[in-house]
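Worksheet: the structure to be examined is printed underneath.
The values are calculated or read from the model by the stated rules, or taken from the named source; none is laboratory data. It should be emphasised that the depicted structure is a prediction, and the values quoted were computed from it without experimental measurement. For neighbour counting, all protein chains shown are included, and Cβ atoms are generated from backbone atoms with ideal geometry for every residue, glycine included.
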Amino acid sequence: MNLENQVLEIMREVFGIADITPEVSQKNCERWDSLRHLTMASELEDAFDIELEPEEIAEMTDFARVINMINSKLK
Amino acid sequence: MITFVYRNQTVEPLFGDQGIVYSGYDDISQVPQDVDSYIWCYQVPVNADSAQLAQEIASYRDKLDLVLSKADNNKPFIIFSLVNLYPLKLTGDDVAVDHAVMDFNRHASLLAEQHPHVKWVDFSEFTSRYDAWSLVNWKYYLMSQSLINPKLAHDFQDWWQQVERGLALKRKKCLVLDLDNTLWGGVLGEDGVDGIKLGGDYPGKAFSYWQRALVQLAHNGVILAVCSKNNETDVQEAWDCNPFMELKREHFSAWRINWTDKVTNIRDIAEELNIGLDSIVFIDDSPSERELVKQMLPQVTVPDFPEKPYQLMPFFKQLVERYFRIYAVTPEDRNKTQQYQANAMRKAQQARFADMDSYLRSLAMEIDIIPADDFNLPRIAQMTQKTNQFNLTTRRYTEAEVRQRLNDGWRVYCMSVRDRFGDSGVTGAIFLEPIDWDTVGIDSLLLSCRVLGKGIEEAFMGSILNLLHEEGVQKVVADYIPTAKNGQTADFYDRMGMECISIADDSSKHYAMSLDKVFELKDYYNIKVL
């Protein structure tokens, strides 16, 4: 599974939405609330074995930013 | 099902969002009545000023009291114990916060003793599994007010499910144990009564602890049985003569010590004890025996057995938590081993009498019929959950549901039986639903299998019919709903003289009878309606 799909899978699980797309963002997705945002961050930390700082978690407001953040951590 | 959660911190990752409504943080202004249960899950806040913190914790007690007084007392109210997740002491003798936490927990556990709908859950059972660093994730706490690490949410949900199962009284009934290398080290037939490893130093010590723990399980109402390939005379000798043997004959309600295969033996044990295979947990050190039982008797639960004797104590804890934990033990549970043994004695007595009536007369049975009250209600709910064989409709009720029905004008009676071999305790119940001004419906009628075979079921229902007749009730209606296990009650209402009015597609039967005469009860039952 590539990174994008893996992240989508985690979001699908955390937000409880079956048909999630790469267009998803905190703005257009009602279930992406502040609490699930943290749950997502914590799941991503576990899945990719990375450590996200609070400031970084706050920046991850849409799918593209999430992917960029993880990529920057994995380098 | 909706549960309302009182909290002073973020606990959403723990309880999730399915059927849960949360209060505001430390907000007790709302006490909704249209929910199905309440949870009080507070945590000790983070505050370096210990005097102030102790005062705040003291205030939780009053808040809890206030909420409890306004909550619907027909609904379960579950209180989590307080756990100090950040025990900060600036001086070693600063115990103000510790004392405040202890006070709250003592108060909450007393509430649970005083009020049947209140349950107290020891949260430290979960938190003590983790060290301080994995329990609290400060990054997430400071971002979201969630002191418990959200990464533990899955673990918490597993634990909470087990606790809820315990609160709902669903547990296994019987533990079937192998002997060699399971209850002691070594093989009795080879090492001899004094050669087996039991007592003294390791590994014998490990088996002693394990046996002592199992004795406690028996005292708390779990039925123990033995299934072992051995010579029975050797085992009897070991029970009598090995001074380190903690678990002896009197702790077992049944045993099969022979060379027959274990599948047949376990089936036999289930039949003798009158329990279902699905209420049995089987413990054996041999993987091949375990596999055989798993394959042939899929209803039986077969956990893996630890490889090393020093793993027996954590294994025991796991067994208790997975299969045998209930919230509270009733006196009937405590006496269960004795009762099952007394039953065996009654059976022996039965063989010596020419006819059934003279046997039953010799038992000197006393039956008390008692209206449901706060004391017997937990047992009544427990019986609706656990009774399968003599149960006409197999409707399962929680304590709260029974209480709700009483409020709706139903009448619920339970029955307790004594005879000269012992007291079987509360072992039967009947639920009467008002249908019409002159008609009563029997919603549920059940008896524990321990008291069957003595005509008690007829005496019980007959007494109830007479009670209704005296009150001027004209007509009684009832249903029989067949299940995989209650076949023996299929014609019970016919035997009681009721008329089968209709049979539905699922073979359930609807009965009616007019109460125009007194039901004849055998004179050897001494029946009291309290």
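Of B:V11, B:V46, B:V31, B:V35, all but one fail to be more than 18 Å from B:D103 (Cα to Cα), out of contact with any Pro (no Cβ under 8 Å at 6 or more places or on another chain) and within 14 Å of another protein chain (Cβ to nearest Cβ); the exception is B:V11. Using the structure shown, decide if B:L530 is touching a helix residue (DSSP H, G or I) at 6+ places or on another chain (Cβ under 7 Å), closer than 21 Å to B:W410 by Cα and touching a residue at least 60 places away in the same chain (Cβ under 8 Å). It is false that B:L530 is touching a helix residue (DSSP H, G or I) at 6+ places or on another chain (Cβ under 7 Å), closer than 21 Å to B:W410 by Cα and touching a residue at least 60 places away in the same chain (Cβ under 8 Å).
Let's see how each residue does on (1) at pLDDT 90 or above; (2) more than 13 Å from every other protein chain (Cβ to nearest Cβ):
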position: A:M40; (1), (2): yes, no
position: A:D46; (1), (2): no, no
position: A:P54; (1), (2): no, no
position: A:T61; (1), (2): yes, yes
position: A:R65; (1), (2): yes, yes
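Looking at the range B:14-42, which of its residues are in contact with a strand residue (DSSP E or B) (Cβ under 8 Å, 6 or more places away or on another chain) and closer than 17 Å to A:D33 by Cα? Across the range B:14-42, the qualifying residues are B:L14, B:F15, B:I20, B:V21, B:Y22. Only one of the numbered conditions (1) away from chain A (no Cβ under 14 Å); (2) touching a helix residue (DSSP H, G or I) at 6+ places or on another chain (Cβ under 8 Å); (3) assigned to a helix (DSSP H, G or I) is violated by B:L85, and that is (3). Among the residues of the range B:432-451, those that are within 30 Å of B:S253 (Cα to Cα) and touching a strand residue (DSSP E or B) at 6+ places or on another chain (Cβ under 6 Å) comprise B:S444, B:L445, B:L446, B:L447, B:S448, B:R450, B:V451. When the helices (runs of 4 or more DSSP H) confined to the range B:348-436 are screened for residues that are among the aromatic types (F, W, Y) and touching a Lys or Arg at 6+ places or on another chain (Cβ under 8 Å), none reaches at least 3 such residues.
Inspection of the range B:230-240 finds no residue satisfying the criterion of being assigned by TED's automatic domain parsing to the domain that holds B:R267 and closer than 15 Å to B:F324 by Cα. Does B:R418 satisfy the condition of being under 12 Å from B:A381 (Cβ atoms) and charged (D, E, K, R)? Here the answer is no, as B:R418 does not meet what is asked.
For every residue, the table says whether it meets (1) more than 26 Å from B:W259 (Cα to Cα); (2) basic (K, R).
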{"residue": "B:E164", "(1), (2)": "yes, no"}
{"residue": "B:C174", "(1), (2)": "no, no"}
{"residue": "B:V187", "(1), (2)": "no, no"}
{"residue": "B:K197", "(1), (2)": "no, yes"}
{"residue": "B:L214", "(1), (2)": "no, no"}
{"residue": "B:I223", "(1), (2)": "no, no"}
{"residue": "B:S228", "(1), (2)": "no, no"}
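Find the residue count for the range B:377-425, including only residues that are without any contact (Cβ under 8 Å) to a residue 60 or more places away in the chain, surrounded by 22 or more Cβ atoms within 10 Å (Cβ to Cβ) and more than 28 Å from B:S508 (Cβ to Cβ). Qualifying residue count, the range B:377-425: 1.
Residues that are surrounded by 14 or more Cβ atoms within 10 Å (Cβ to Cβ) number at least 3 in the following helices (runs of 4 or more DSSP H) confined to the range B:113-154: B:124-127, B:138-144.
Condition check ((1) in contact (Cβ under 8 Å) with a residue 40 or more places away in the chain; (2) at negative phi; (3) among the acidic types (D, E); (4) in contact with a Cys (Cβ under 6 Å, 6 or more places away or on another chain)) across all residues:
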| position | (1), (2), (3), (4) |
| --- | --- |
| B:N265 | no, yes, no, yes |
| B:I269 | yes, yes, no, no |
| B:L277 | no, yes, no, no |
| B:V281 | yes, yes, no, no |
| B:P303 | no, yes, no, no |
| B:P306 | no, yes, no, no |
| B:Q318 | no, yes, no, no |
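Within the range A:28-38, the residues that satisfy the criterion of being at the interface with chain B (Cβ under 10 Å from one of its Cβ atoms) and either surrounded by 20 or more Cβ atoms within 10 Å (Cβ to Cβ) or at pLDDT below 90 (or both) are A:R31, A:D33, A:S34, A:L35, A:R36, A:L38. Taken over the range B:8-21, residues that are under 16 Å from B:Q157 (Cβ atoms) and outside any helix (DSSP H, G or I) amount to 7. Does B:K172 satisfy the condition of being basic (K, R) and more than 20 Å from the chain's Cα centre (by Cα)? Judged against the criteria, B:K172 is not a match.
Only one entry of A:V24, A:V66 meets the criterion of being among the aliphatic types (A, V, I, L, M), more than 22 Å from B:H154 (Cα to Cα) and in contact with a strand residue (DSSP E or B) (Cβ under 9 Å, 6 or more places away or on another chain), and that entry is A:V24.
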